[in-house]
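Report on one structure; see the data block that follows.
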Amino acid sequence: MRRTMVLILIAVGLTLPASPASAADVSIDLCASAGTLTLPGPVTANIWGFALAGSGGSCAGVTPSVPGPVLSVDQGDTVSIAVHNTLTTPVSLEVPGLSLGQGAGISAPAGGAATATFTASAPGTYLYQGTERQVPMGLYGALIVRPPTAGQAYGSATTAYDREALLVLSAIDPAFNASPATADLYHYAPKFWLINGKAYPDTDLVHGVAPGTKVLLRYLNAGFDNTSMRLLGAYERVLARDAHPLANPFDATAETIPAGGTEDALVTIPATGTRFPVYNRQLHKTMLTFIEVP
Amino acid sequence: MKRRDLLKAGALAGGLLIGGRALQGSAEAAANPEARIGLAGTDGHITLPGRGPLYIFGFATVPLAASVGDLVANYKGKAQHVAPILDVKQDNDVYITLTNLGLVGRPDLVDAHTIHWHGFRTPSALFDGVPEASIGVPIERQFTYFFRPHNPGTYMYHCHFEDVEHVQMGMTSIVFVRPAQDGGSALDPLHRTTTYAYNDGDGSTAYDRHFAILLNEIEEREHDADEQIQEFIFTDYDPQYFTLNGRVYPQTILPNNDPSLPYQPVSSLIQANPGDRVLLRLANLGYLQHAMQLPGIPMKVVGEDATPHSFPYVTNTLYIGPGEARDVLFTAPPFNPSAPVTTDARGSYNTYLFKNRDFRRLSNRGSPGLGGMATEVRVYQGSPLPAQTSVGETYA
Amino acid sequence: MRKALLAAAALLVAFAPSARAQAPAVPRQGIVCTNGTTFDLTATPGYIETPDGNSVLMWSYALAGGEFQSPGPVLCVNEGDSVTVHLHNDLTEPVSIVFPGQTGVGGSGSSGLLAKEAPAGGDATYTFTASQPGTYVYESGTDPEKQVEMGLYGALIVRPAGHPDYAYDAATRFDPQREYLVLLSDIDPDLHHAVETGAPYHFDQLRNRYFAINGRQFPDTLQDNGVSWLPAQPYGSLIRVKPYNATGNPLPALIRMANVGTVNHPFHPHGNHIKEVAQDGRPLRTPGGGDASSEHFAETIGSGQTQDYLFSWTDQDSWNPGSNPFPASVASPDYRNLTFKDGNTWSSGSAYLGSKGTLPVGTVSQNICGEWYFPWHSHALNEFTNYDAGFGGMATLLRVDPPGGCTAVAGTASILAGTLNSGTATALAAADTAYYKVNSTVSGTRTADWYGGFTGVPRGSTGLAVTYTGRNSIAALPTTLWIWKWSTSTWVQMGAATGVGTSDVTSTRTPPSPQSDYIGTGANAGKVRVRVLTTGTTTNFVTQGNLLKLTYDAP
């Protein structure tokens, strides 16, 4: 059993992965734990987040993050994800688009654990998530299934990239997070709009290589809003939605990523320019970062 | 299932579904079978958790032969939401007679009603149902809308008289058009059904069961203001309830014509045998965009806005804006005894949730617990369910 | 207070210090292009009017020296052009312009978050090569949460080199007379009021109250471009087509949609479906270059997106009162049992395109000659309002005109030379068995000279054409058709004489330009007169008029 292909790296601008191994059994132990997230202000918000468990699935001393750890597996792997729940409320895990072997998803009771086992049969960008009130608390993250050919998002050579970046979109309402069990969702009002858990100016840059090279943007909308993301100074070729390659990829400068949806888009760095803004066009201005080229 | 049987079943389904009666050889339009449907516009109340009865405007199915006086006596104040789902066939001559019965709760309000055939390629503005560009039907008057639909798919209908108000008040539903291709199983790769979403020519849209589900929202302040003769400012719109076929979870999984919901007769429960090909006819007549997910089951979008997709695609997230429609196929997965299992009169089943991805919309009025825009897909052990005889049929 | 009652576009010519950008020749309807490769824009405040009587402070880009306008001017360039946009800032805080979809945007200005900025009172310049055709937006890149909402946006059109009638390529060819911009925006007046008064505003509280197409709210959207009473909102959005016809009207309209609003807008066209052919200035294609367009009866356009649509209207059954009537039980409802909302309607009162029915007494009709009107509107119906009143906001109308335009038949007949034999003008309404007969003069060279009078022809109508069908009692007499020119009180001959014998001959004639000469004004408003002159020999004859018809395109 290959113990893990889990990347703890949350930052955008992942480096090119090593050549994938053949299909294997992959076991991932996640903790669902309470923690805090520091936001500009500074404001400290309560969160529930996923974290990688320590040895033996121990959650002692782990620090949950928003979003959770990036899980990266290879196409064909048999993947087991165990959720060790340290919260006092049940935690679900579901991955729209994947059958977790037990129907819709799994649920770990308070203080308990549950395991989902599935075959990562198709490459792509997936969102793993809790359900209902667990989502605004921060229980979500990215699952990447990689095709056999390194440096491609999918099986087709047209999905080859030089760099990849995750853009996990979400929002936080600290008032809700202060009392998630009882807060009135009707008055849910987020104050922070986040990319990978950070609000501009704290967001991470996306690093491009040079003109003519390709950056794969993996958008994952973990928030509640159907979010229109704008790219300036370049086009993105939309390759796939919800981990399904499009029959007809197209070029765009503004794309709505529906709540819970994912989208893979390939940016070819133009000949001119070194800094290309990527931002929420619905004018939530802290959901902003840049693709930067040296 | 035979088409004729379905049409007969329509009459039996009460307020749930109307299949037009197919009459051959009429003097008016001998070339085309006819479907004649009677609808009345009036008011009423529906039930939602966490509050008292909610005032609505809506439509109800009414007999064509009855006099206006009889209709007023028997149906005024008995609107349902969602309005009856209409089931018609391509190239039929569809006559829908609308009677405005007036309002029990607002005798001072003399609003007309109309029916807008949302999404149809409209040959005449007279039948488009826009009162500013055609006619409105005043209280205790009737008007017959005529259509000869040529393009199968999923559409909507709604009142367009002061529609910002009347649509929110509940005068909304789905109308779908069955393709001319229906009736033979030769195209079905499994040779077990005669029903298809479109004239696909290759059976790629064959389905065993279909479900028409209208996505909507309810802004209770608007309904309450209407009942209390107050004005609601529509740009304050911020709904508290998120509905499927006029019900919120857990109402959505009660069967059709459940006695606890006399004016919300249409269930959204999806019951299937393993391997069934299920067609979801989805439409949104709320004012918000919705992202719907069905974790555990991939969804294939075969049509959009009553147009077959040249490039059908599989997705996990259906993003549907107001006024839009999708035709979505999925195959019910095998029954999994090791997954959580529930049991009802039909046996054991696995449950999948078809639900809004916006957690705010999985709540009734913001309160804790699953509510709102969610329903269940139940996949049974074995194949206990009989063939479906009408759209959205539920099995107790 | 309203500004000078002059369209901004008209003022441009007089006051623009540099006429590098060409002032648009403003059509009554359809897209209004400001053509050029160099544009001088000024970021400036001004007020728009909303149909509920409100006046809202906006910020916008105006053509330098021109009047304030919202949205900014439609900048039209050609593929391959080197484009320069100078921005002068008359606002009190830095502003900028971003050009989504353009690459390699250079220029000068102070450093800003998303783009070079013009400081308050200062300038910035942007340059780029319009490398690919398409529909784009331009908008502020400075504090966009505030400035874009305040109105700093406009549309940029790049036309394919050598093919102004293509959106992109041959597959997107359209009728250049039917090119429309549908620019969607939304306004929270509380923000605008806060900016005006210097009050604080929390963007988390954004609640849009006004929803616009091309800067106007319905029903102002229906008004012509540049109407005097909307001085700061020069762009209308009435969409007009005629039914698709493979030979007579094969080309679709082009609808260039753009959403500069803060929210996504679901747009619903009544009548027929629209075909999406491009997004964000790039055509939708298969990997092999084939067609990947899609049809919709409603489509959500994301905040910041553009989408191009081709649109044709077709009656799949070709319903008509002659050969293919609607079932009798539905075709002629008794309007006395129905209502026309507010007693004021766009309805023709007929089930058929190009026909008018009789409306109940007291109903005011906005219908000219049996054309259809279908609303196109946001189906987020809270946006289909002006703050609180329905059938407003983000809406316009599709108008489907009859295929042959409007038709009028002569309502009166008057004899200039000769005498009445039999019949009245009623006989001229159709080519049938009824004739209006005029005896020729009875001495010298015999002539029969008469004219038919038409009424109700709207001022501004174009495409006037006269059809006359008639015969004479004796063979082959030269017949000429004339039209009355009101300005000079003279008859103008239309074309050469036609020989008309003892069986019906049909002649169609169009008068020389300008056609406005032939439509009466003042006390004669809407009147057109057409004269039929038959010149005989020394033998008496009778001219027999069967049909005298006028067709025209209503404004």
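The values are calculated or read from the model by the stated rules, or taken from the named source; none is laboratory data. All figures in this text were calculated on a predicted structure; none of them were measured in a lab. Every residue, glycine as well, gets a Cβ built from its backbone with ideal geometry; the counts of neighbours run over all protein chains shown. For the accessible areas, the whole protein counts, side chains as well, though only heavy atoms, and no ligand, DNA or RNA atoms are used. Shrake-Rupley method; radii C 1.70, N 1.55, O 1.52, S 1.80 Å.
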### Query
Got at least one residue in region B:344-354 being surrounded by 20 or more Cβ atoms within 10 Å (Cβ to Cβ), within 25 Å of A:Ala183 (Cβ to Cβ) and in contact with a Leu (Cβ under 9 Å, 6 or more places away or on another chain)?
yes
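Of the residues that make up region C:297-319, is at least one within 30 Å of C:Leu359 (Cα to Cα), acidic (Asp, Glu) and over 25 Å from the mean Cα position of the chain (by Cα)?
Taking region C:297-319 as the starting set, the residues that turn out to be within 30 Å of C:Leu359 (Cα to Cα) are C:312-319.
Going one step further and asking which of them are acidic (Asp, Glu), we end up with C:315, C:317.
Checking which are over 25 Å from the mean Cα position of the chain (by Cα) leaves us with C:317.
Taking every residue of region C:297-319 in turn, at least one turns out to be within 30 Å of C:Leu359 (Cα to Cα), acidic (Asp, Glu) and over 25 Å from the mean Cα position of the chain (by Cα).
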### Message
Considering only residues that are among the hydrophobic types (A, V, I, L, M, F, W, C), within 14 Å of chain B (Cβ to nearest Cβ) and open to solvent by less than 30 Å² (accessible area, probe 1.4 Å), which ones fall in region A:232-246?
### Response
A:Val238, A:Leu239, A:Ala240, A:Ala243
### Message
Quick test of your reading of the structure: B:Glu140 fulfils all but one of (1) open to solvent by 10 Å² or more (accessible area, probe 1.4 Å); (2) within 19 Å of B:Asp276 (Cβ to Cβ); (3) of a type outside the set (S, T, N, Q). Name the failing condition by number.
### Response
(2)
### Task
Tell me, yes or no, whether region C:339-347 has at least one residue that is buried (at least 22 other Cβ atoms within 10 Å of the Cβ), in a loop (DSSP other than H, G, I, E, B) and in contact with a Cys (Cβ under 9 Å, 6 or more places away or on another chain).
no
#### Entry: Leading residue by the ranking (farthest from C:Lys356 (Cα to Cα)) among those in region B:119-154 that are polar (S, T, N, Q) and part of a loop (DSSP other than H, G, I, E, B)
B:Asn151
### Message
What's the total number of residues in region A:247-283 that are facing chain C (nearest Cβ under 7 Å), buried (at least 24 other Cβ atoms within 10 Å of the Cβ) and touching a residue at least 40 places away in the same chain (Cβ under 8 Å)?
### Response
2
### Message
Within region C:95-105, does at least one residue satisfy the condition of being within 14 Å of another protein chain (Cβ to nearest Cβ) and part of a strand (DSSP E or B)?
### Response
yes
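Report yes if C:Val227 is surrounded by fewer than 23 Cβ atoms within 10 Å (Cβ to Cβ), assigned to a helix (DSSP H, G or I) and either of a type in the set (A, V, I, L, M) or in contact (Cβ under 8 Å) with a residue 12 or more places away in the chain (or both), otherwise no.
On the way: surrounded by fewer than 23 Cβ atoms within 10 Å (Cβ to Cβ): yes; assigned to a helix (DSSP H, G or I): no; either of a type in the set (A, V, I, L, M) or in contact (Cβ under 8 Å) with a residue 12 or more places away in the chain (or both): yes.
Judged against the criteria, C:Val227 is not a match.
One residue is enough: does region C:514-528 have a residue meeting the conditions of a type in the set (Asp, Glu) and assigned to a helix (DSSP H, G or I)?
Keep residues of region C:514-528 that are of a type in the set (Asp, Glu), which gives C:517.
Within this subset, residues satisfying the condition of being assigned to a helix (DSSP H, G or I) are C:517.
Looking through region C:514-528, at least one residue is of a type in the set (Asp, Glu) and assigned to a helix (DSSP H, G or I).
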### Message
Here's a check for you: in region C:264-303, which residue that is surrounded by fewer than 20 Cβ atoms within 10 Å (Cβ to Cβ) and over 27 Å from B:Pro152 (Cα atoms) is nearest to the other protein chains (Cβ to nearest Cβ)?
### Response
C:Pro287
#### Entry: Of the criteria (1) among the β-branched types (Val, Ile, Thr); (2) surrounded by 24 or more Cβ atoms within 10 Å (Cβ to Cβ); (3) not in a strand (DSSP E or B), which one C:Thr92 fails
(2)
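Conditions (1) within 11 Å of chain C (Cβ to nearest Cβ); (2) open to solvent by 10 Å² or more (accessible area, probe 1.4 Å), marked per residue:
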site: B:Gly286; (1), (2): yes, no
site: B:Ala306; (1), (2): yes, no
site: B:Tyr319; (1), (2): yes, yes
site: B:Pro333; (1), (2): no, yes
site: B:Thr342; (1), (2): no, yes
#### Entry: Among (1) over 29 Å from B:Pro386 (Cβ atoms); (2) open to solvent by less than 30 Å² (accessible area, probe 1.4 Å); (3) aromatic (Phe, Trp, Tyr) - the single one B:Phe311 does not satisfy
(2)
## Note on the structure
Going through region C:425-469 in order, the residues found to be closer than 25 Å to C:Ser516 by Cα, open to solvent by less than 40 Å² (accessible area, probe 1.4 Å) and charged (D, E, K, R) are C:Asp449
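Here is a yes/no grid of residues against (1) within 19 Å of C:Ser422 (Cβ to Cβ); (2) free of Cβ contacts under 8 Å to residues at least 40 places away in the same chain:
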site	(1), (2)
C:Arg459	no, no
C:Ala465	no, no
C:Tyr468	yes, no
C:Gln493	no, yes
C:Pro512	no, yes
C:Ile519	no, no
C:Leu548	yes, no
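Consider region C:348-396. How many of its residues are hydroxyl-bearing (Ser, Thr, Tyr), more than 30 Å from C:Asp186 (Cβ to Cβ), within 9 Å of chain B (Cβ to nearest Cβ) and in contact (Cβ under 8 Å) with a residue 24 or more places away in the chain? Give the steps one after another, and end with the answer.
As a first pass, look at region C:348-396 and keep what is hydroxyl-bearing (Ser, Thr, Tyr): C:348, C:350, C:352, C:355, C:358, C:363, C:365, C:373, C:378, C:385, C:387, C:396.
This time we only want the ones that are more than 30 Å from C:Asp186 (Cβ to Cβ), so: C:348, C:350, C:352, C:355, C:358, C:363, C:365.
Checking the rest, the ones that are also within 9 Å of chain B (Cβ to nearest Cβ) come to C:348, C:350, C:352.
Keeping just the survivors that are in contact (Cβ under 8 Å) with a residue 24 or more places away in the chain gives C:348, C:352.
Qualifying residue count for the region: 2.
Those residues that are of a type in the set (S, T, N, Q) and either within 11 Å of chain A (Cβ to nearest Cβ) or open to solvent by 40 Å² or more (accessible area, probe 1.4 Å) (or both), I need them from region C:106-140; list them, please.
As a first pass, look at region C:106-140 and keep what is of a type in the set (S, T, N, Q): C:108, C:110-111, C:125, C:127, C:129, C:131-132, C:135, C:140.
Across region C:106-140, the qualifying residues are C:Ser108, C:Ser110, C:Ser111, C:Thr127, C:Thr129, C:Ser131, C:Gln132, C:Ser140.
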### Task
Please work out which one of (1) free of Cβ contacts under 8 Å to residues at least 60 places away in the same chain; (2) in a loop (DSSP other than H, G, I, E, B) is the condition C:Leu191 fails and give its number.
(2)
### Qualifying positions in region A:181-227 - over 18 Å from the mean Cα position of the chain (by Cα), aliphatic (A, V, I, L, M) and surrounded by 24 or more Cβ atoms within 10 Å (Cβ to Cβ)
A:Leu185
